[in-house]
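Engineer: Structure in structure tokens, see below.
The values are calculated or read from the model by the stated rules, or taken from the named source; none is laboratory data. Keep in mind it's a predicted model, so treat the numbers as computed, not measured. Counting neighbours? That spans all protein chains shown, and the Cβs are built from the backbone with ideal geometry, glycine included.
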Amino acid sequence: MTATLARPTPHTRVLVDTAAVDDVPALRSLYHAVYGDCYPLRLGTDPVAMAAAMTDPTVKWRVARDIATGDVVGSALLRTDVPLRIGKVEGIAVDPGHAGAGIGGALLEALMESAFGAEGGLDSVYATARCVSPAPQRLLLRHGFHPLGVLPGAVTLREVETLALLVRYRDGIPANRRAPGTVPQEVAPLLEAARGHGVHFDDIHAESAPVPPRTGAGTDLDVSHDPGLVLQRYAWTPSGAARTLPLHLPNTLLASPDGRFEAYAVIDAIAGNGLLLEAHSAPDEAPEALGDVLRVMAERGADYIEAMLPLHDRTRIERHLAHGFTPTALYPAMRREDGVWHDYVLLSHTTARVDADALRVDDRFSPYVRQHSHVRPPASPNPSDTTKRG
């Protein structure tokens, strides 16, 4: 797929096409020029991972070349989960010397054609944008993305940073969504923010109910990072269960010694974050087990931890709230099951708080920033480490 872009700037023409393995050295130089030595993604720093991604049919990697010189001056990629019909935009980068020429937009539109065009097959694509400047957010907003929320302390670059979360849908989505009924009061600010952006919720009520705070029971969990074991166990799910989240496979298995509880997670110690994918337990397993999982994940470098839960599953949401999670984003129509779209809520566990004065966000994210101001920071899941995040 190729496209040209002509604009009245000193850099008037670029060619957008598919990245090739021969582009890896130039792409590494590009990401270093944009992010310095703190870029957390392997698909910008690791030559082996980059070459593998370029031959992976689930990854669409586009580059922009200066037609006059042939230099790679922009990059962006789309990771796809075709069975769940969801994609994620990553790695948008434009050479600083070519800023303002519309290159980022050209790359985005090429990826959106891959996602939603005749051969795309996706229903939604999400992306994150840094909050050190509104420019990355506005690039996505100009190209049809909508605000979903603000993720406090979600990534460590030169310092701990907050990210904005956005989504773009295929035309006609979201529609015909499941009414979740009753949700915890803590989710109400997200509902109001989403309504302000035109997302409607029928027959939904936010109710306040006491949720006693919980910590871990102090159980020493068995932890495995062996890829073969983790993925083999993860492939097995209880009868009728479906994989919860797209685009993520676990790299960590955490289990109680007696086998009555196990959880699957992604831990990225370099970026300082983690994602809790699944947790299975015996019916009478103590709810403190979730606290032990958070503690162990923090000990292994995940200071920021996310969980994505169905909005209609009030019991699971309240269990996470009791362990210090905070609702931080809402993803309407994330999954389609039995002909009906299901909304999901993203919860985060972190000791970092949103400092509204330090953030540089587009006004459309202001409701999501404000909704964090009343939230008390949770207790650290690793109390012995109180200086880790400075």
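Engineer: Have a look at Arg300, Arg260, Arg335, Arg319 and point out the one that is over 18 Å from Gly216 (Cβ atoms), of a type in the set (Lys, Arg) and touching a residue at least 12 places away in the same chain (Cβ under 8 Å).
Structural biologist: Working: Arg300 fails: over 18 Å from Gly216 (Cβ atoms); Arg260 fails: over 18 Å from Gly216 (Cβ atoms); Arg319 fails: over 18 Å from Gly216 (Cβ atoms).
When all the criteria are applied, what remains is Arg335.
Engineer: Can you list the strands (runs of 3 or more DSSP E) found entirely within region 150-262 that contain at least 2 residues being of a type in the set (Ser, Thr, Tyr) and either farther than 25 Å from Gly121 by Cα or within 20 Å of the chain's Cα centre (by Cα) (or both)? Don't jump to the end; show me each part of the working.
Structural biologist: Numbers: elements: 160-169, 181-184, 204-207, 222-224, 252-255.
Filter on region 150-262 gives 160-169.
Engineer: Considering (1) out of contact with any strand residue (DSSP E or B) (no Cβ under 7 Å at 6 or more places or on another chain); (2) without any contact (Cβ under 8 Å) to a residue 60 or more places away in the chain; (3) within 27 Å of Leu359 (Cα to Cα); (4) assigned to a helix (DSSP H, G or I), say which one Arg42 fails and leave the rest.
Structural biologist: That leaves (4) as the condition not met.
Engineer: Taking the condition of being exposed (fewer than 15 other Cβ atoms within 10 Å of the Cβ) and touching an Asp or Glu at 6+ places or on another chain (Cβ under 6 Å), how many residues in region 34-73 meet it?
Structural biologist: Total meeting the criteria: 0.
Engineer: Need pairs with beta-carbon distance below 9 Å; first residue among the hydroxyl-bearing types (Ser, Thr, Tyr) and within region 118-131, second assigned to a loop (DSSP other than H, G, I, E, B); sequence gap 6+ or separate chains.
Structural biologist: Matching pairs, first to second residue: Ser124/Arg85; Ser124/Arg170; Ser124/Ile173; Ser124/Pro174; Tyr126/Phe145.
Engineer: Kindly indicate whether Leu141 is modelled with pLDDT of 90 or more, surrounded by fewer than 21 Cβ atoms within 10 Å (Cβ to Cβ), aliphatic (A, V, I, L, M) and over 25 Å from Asp37 (Cα atoms).
Structural biologist: On the way: modelled with pLDDT of 90 or more: yes; surrounded by fewer than 21 Cβ atoms within 10 Å (Cβ to Cβ): yes; aliphatic (A, V, I, L, M): yes; over 25 Å from Asp37 (Cα atoms): yes.
Yes.
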